[in-house]
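Below: one structure, written as structure tokens.
None of the figures in this text is laboratory data; all of them are computed from the coordinates on show. A quick note: this is a predicted structure, and the numbers were derived from the prediction, not measured. Cβ: placed from backbone, ideal geometry, glycine included. Neighbour counts: every protein chain shown.
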Amino acid sequence: MAAVDRGFDVVGYDVDTRRVDMLAEGRSFIDDISNERLIGAISTGRYIASADPSSLEGFDVAVITVPTPLKDRGPDMTYVVSASEVVGQWIKPGALVILESTTYPGTTDELTVPLIEKASGLVAGKDFFAGFSPERIDPGNAKWNFENTTKVIAGIDAESLARIEAFYVALGVPTVSVSSTRAAELAKLLENTFRHVNIAMVNELALVARDLGVDIWEVIDAAATKPFGFMKFTPGPGVGGHCLPIDPSYLSWQVHRLTGERLRFIEAANEINEYMPKFVVERAREMLNARRKPVNGSRIMVMGLAYKKNSGDSRESPSTAVIEGLIADGADVVAVDPLVAALGVRTVAPLVELTQAEIDTADLVIVITEHDDIDWGMIQASSTPVLDTRHHLELREGLEYM
Ligand SMILES: NC(=O)c1ccc[n+]([C@@H]2O[C@H](COP(=O)([O-])OP(=O)(O)OC[C@H]3O[C@@H](n4cnc5c(N)ncnc54)[C@H](O)[C@@H]3O)[C@@H](O)[C@H]2O)c1
């Protein structure tokens, strides 16, 4: 969208025809892109969505932003491979290719560039230019967006870097360059691993805080008053999305492959963060038990299916693991999430509207995702027991924090 705004002719090429059809009809599936903005782009005549590879013909710049998921705990490079091949089939001399997908250090050099060379018969650095620049989008963040977030950039050589910088500057994006594509690839993994590890650390404290007789939230707020040397992270029901639970494993996989060493921080963080949904199920069991109720047959209302607040994205969401755990124990689970509902995707539990009757029928409400656009006052004012994993509501009779 930024490229359309700045006067480029843009093709959004995707192999997913359902997504292409939606985009062509002006229906956005991205939280931060409104239908109005998409329709505006289409009406300029400078944007098309297409599933036809020949729409790539004659491109000057290709930006690859395909998924990089995990398979058997290692990188699944299928999409990067197929995208690099299709770019290689349509590239012409003088063009620039930028990989933006989050990936292990070495991908641009060892995988993307050789695949493009093989498919095109062109030589990188001579016939075409290439580099890496990690995506830094934080979905739902009202302050930091594509245009005002500095982009780390790296080229396979000086000329490639100069062209990459010129491209992002043309989009109005601030840039900072590093000396190699490996450094840019690792910078992204460092950013996400830093977050992953710090969340795991507060999660581990949250697991034992009750045994220590302290309120972990009070402790974190107290520590956060230190104006230097501390950065606030908060516990939760587990980490989700397609970045935090996945990216650190790209790093540990590559380190293990090259050195035989394991990254112990990442392994410990994975273990703790993956345990959190089980802890939420355990806490739910405790709360029901205290009311002489088994999980089996209890009606549990889960607030939030998305992996983060104000997003409709439920991929890798901890609420999925929590709900599966509750259902496995025989609970009758319903979920409330208007943002996920709007996307019409399949959900792990039936979606219901937040009504007084639903709250009254529930034996327990579990707060997983604290979307702003929810009438939290209804839950706050009710007498239904609540397990709040986000410290979002005020303490009242029957309301407990995770
Ligand atoms: N979404 C974010 O907030 C975010 C933030 C930072 C980094 N990233 C990274 O960006 C990358 C993409 O993430 P995403 O959330 O946009 O993924 P996504 O799954 O939403 O979108 C990727 C799209 O690529 C398409 N695709 C797959 N193979 C293709 C091919 N060969 N040719 C053309 N299209 C193809 C898929 O159909 C899909 O629509 C990942 O590496 C992710 O880790 C995403």
Once R0 is set to 22 Å, what does the formula 1/(1 + (r/R0)^6) return for the Cβ-Cβ distance between residue 234 and residue 143, expressed as a FRET efficiency to the nearest 0.05?
0.75
Report, in deg cm²/dmol and to the nearest 500, the calculated mean residue ellipticity at 222 nm for the chain, where each DSSP H run with n ≥ 4 adds -39500 (n - 2.57) and the sum is divided by the residue count.
-12500 deg cm²/dmol
Spin-label pair residue 376/residue 22, simplified geometry with 7 Å Cα→Cβ offset, distance in nm:
2.8 nm
Which entries in 71/232; 188/232; 71/92; 278/308; 92/143; 143/226 show an alpha-carbon gap greater than 28 Å?
71/232; 71/92; 92/143
Once phi for every residue in the range 310-316 is put through the Karplus expression 6.51 cos²θ - 1.76 cosθ + 1.60 (θ = phi - 60°), the whole-Hz ³J(HN,Hα) values, with Gly and Pro written as x, are 6, 10, x, 7, 9, 5, 6
Using 0.36 nm per residue, how much length does the chain from residue 81 to residue 208 gain when fully extended, once their Cα-Cα distance is taken away?
41.3 nm
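What fraction of the DSSP beta bridges in the chain is antiparallel, stated in percent and rounded to the nearest 5? Could the numbers behind the result be given before it?
Numbers: 4 of 36 bridges.
Given both bridge residues lie in the chain, the antiparallel proportion sits at roughly 10 percent.
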Could you give the distance between the Cα centres of the range 367-402 and the range 234-272, to the whole Å?
31 Å
Would you mind checking the radius of gyration and Dmax of the chain based on alpha-carbon positions, in Å?
23.4, 74
Put a dot 7 Å past each Cα toward the Cβ at residue 355 and residue 33; how far apart are the dots in nm?
3.6 nm
Other-chain or far-sequence residues with amide H under 5 Å of residue 370's (modelled H)
309
Once the in-chain neighbours fewer than 8 apart are removed, the aspartates and glutamates whose Cα is under 14 Å from residue 293 read 282, 329, 332, 363
Would you be so kind as to identify all helices of the chain, as entire DSSP H runs, whose Cα atoms reach 30 Å or more along the helix's own axis and whose mean Kyte-Doolittle hydropathy is at least 0.0?
181-212
